[in-house]
Amino acid sequence: MTTISAVESRVDTSTWQGTNIIIQVLVLTGRSLRALIRNPQLLMISLAQPVVFLVLLTQVFSSLASADNFPAGITYVDFLMPAFIAVSGLSAASEAGVGLTTDMRSGVLTRFRSLPVSNIAVLFARSIAEVVRNILVITLLVVLAVLLFDFDPPGGFSGVLLAGLLSVAVSWGVVWIFLALGAWLRTAEGMQALGFIALFPLMFVSSMFVPVANLPGWLQAVAKVNPVTYVVDASRNLAFELPVGNSAVLALVASVALTAIGMTAAIIGFRRPL
């Protein structure tokens with residue numbers, strides 16, 4: 001009777017190293033984007049939700065354009081669209097945390113940890129994929145607003161482009177906050193509920209739908225310190241070709257602060273045992 005002996009491996013796996021972090025980020029970003037494309041239902045929901053809100057709000061609240069303190073000579077579509085551009089990334093940022101928790105529960109990240117893959121690369125790739133999706137949403141919103149509602153702000157294409165870039169910068173910071181929450185909470189259901197509870201009050205208690213001066217007194221005090229108001233005002237001033245003032249600076253400062261806090265918390269939470 002003969003026995004089959006194991007063949008001794010001649011490859012020293014102890015010296016294996018992964019590619020540099022830039023290549024890892026690019027590969028993992030491609031993976032996240034392919035997963036989005038392969039799930040057309042999620043992609044359509046991500047794109048359809050802001051479009052439905054745009055259609056409903058421009059029709060229901062169009063009479064607000066005649067209210068006091070409303071900018072003269074500006075239609076409600078032109079007033080609302082820069083705000084939609086500003087917050088489009090905020091409303092979708094929670095999906096970054098949901099995607100991260102899904103990978104954790106499916107075992108994908110367990111396999112990644114058995115490979116020479118940087119934890120930071122996994123998080124960066126997820127954040128970049130969400131930024132790409134945000135750019136797609138903003139582009140679709142602007143195209144539909146131009147075709148269906150004659151969106152034509154005084155700032156023209158350049159003003160809308162600058163407003164979009166500001167939105168992308170701010171949304172990246174918010175994405176990192178939700179990545180941090182996902183790394184610590186690790187439940188998709190909790191992330192979805194938290195995203196709704198956190199973001200909707202911030203959007204409604206701001207200058208998104210009406211000027212701050214038209215809000216009740218106590219809401220004005222809240223809206224004036226709401227970071228969403230800074231982003232919306234800066235986006236609106238860029239689209240209207242008005243002096244931006246401190247709103248853009250405050251929005252970018254808030255974005256940098258959110259990115260720093262979220263990135264640090266996400267990396268610490270992500271390194272915890274799965």
Qualifying position, being over 25 Å from Val77 (Cα atoms) and free of Cβ contacts under 8 Å to residues at least 40 places away in the same chain, among Ser106, Ser94:
Ser106
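For (1) part of a helix (DSSP H, G or I); (2) under 20 Å from the mean Cα position of the chain (by Cα), each residue gets a yes or a no:
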residue: Leu219; (1), (2): yes, no
residue: Val222; (1), (2): yes, no
residue: Leu242; (1), (2): no, no
residue: Leu258; (1), (2): yes, yes
Can you find a residue in the stretch 19-39 that is at pLDDT below 75, closer than 18 Å to Val131 by Cα and surrounded by fewer than 16 Cβ atoms within 10 Å (Cβ to Cβ)?
yes
If you go through the stretch 105-115 one residue at a time, do you hit one that is more than 30 Å from Arg236 (Cβ to Cβ) and touching a helix residue (DSSP H, G or I) at 6+ places or on another chain (Cβ under 7 Å)?
yes
How do the pairs read when you match residues in the stretch 204-220 that are among the hydroxyl-bearing types (Ser, Thr, Tyr) with residues anywhere that are assigned to a loop (DSSP other than H, G, I, E, B) and buried (at least 17 other Cβ atoms within 10 Å of the Cβ), using Cβ under 8 Å and keeping only pairs 6 or more apart or on different chains?
Ser206/Asn226
Per-region count, the stretch 137-187, residues within 16 Å of Pro50 (Cβ to Cβ), more than 14 Å from the chain's Cα centre (by Cα) and among the aliphatic types (A, V, I, L, M):
11
So Ala72 passes all but one of these: (1) assigned to a helix (DSSP H, G or I); (2) without any contact (Cβ under 8 Å) to a residue 40 or more places away in the chain; (3) of a type outside the set (Lys, Arg). Which condition number does it fail?
(1)
Counting only helices (runs of 4 or more DSSP H) wholly inside the stretch 99-210, the ones holding at least 2 residues that are among the charged types (D, E, K, R) and surrounded by 17 or more Cβ atoms within 10 Å (Cβ to Cβ) are 119-149
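Residue by residue, here is whether (1) touching a Pro at 6+ places or on another chain (Cβ under 8 Å); (2) under 30 Å from Ala121 (Cα atoms); (3) touching a residue at least 60 places away in the same chain (Cβ under 8 Å); (4) among the polar types (S, T, N, Q) holds:
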{"position": "Ala234", "(1), (2), (3), (4)": "no, no, yes, no"}
{"position": "Phe240", "(1), (2), (3), (4)": "yes, no, yes, no"}
{"position": "Ser255", "(1), (2), (3), (4)": "no, yes, yes, yes"}
{"position": "Ala260", "(1), (2), (3), (4)": "no, yes, no, no"}
{"position": "Met263", "(1), (2), (3), (4)": "no, yes, yes, no"}
Identity of the residue in the stretch 209-257, under 21 Å from Gly156 (Cα atoms) and of a type in the set (D, E, K, R), that ends up modelled with the lowest pLDDT
Glu241
Of the residues that make up the stretch 145-157, is at least one among the aromatic types (Phe, Trp, Tyr) and touching a helix residue (DSSP H, G or I) at 6+ places or on another chain (Cβ under 8 Å)?
yes
Considering only residues that are among the aliphatic types (A, V, I, L, M) and either on the phi > 0 side of the Ramachandran plot or within 25 Å of the chain's Cα centre (by Cα) (or both), which ones fall in the stretch 95-115?
Ala96, Val98, Leu100, Met104, Val108, Leu109
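The values are calculated or read from the model by the stated rules, or taken from the named source; none is laboratory data. Here the structure is a predicted model, which means the values were calculated and not measured. With ideal geometry, Cβ positions are generated from the backbone for all residues, glycine too; neighbour counts draw on all protein chains shown.
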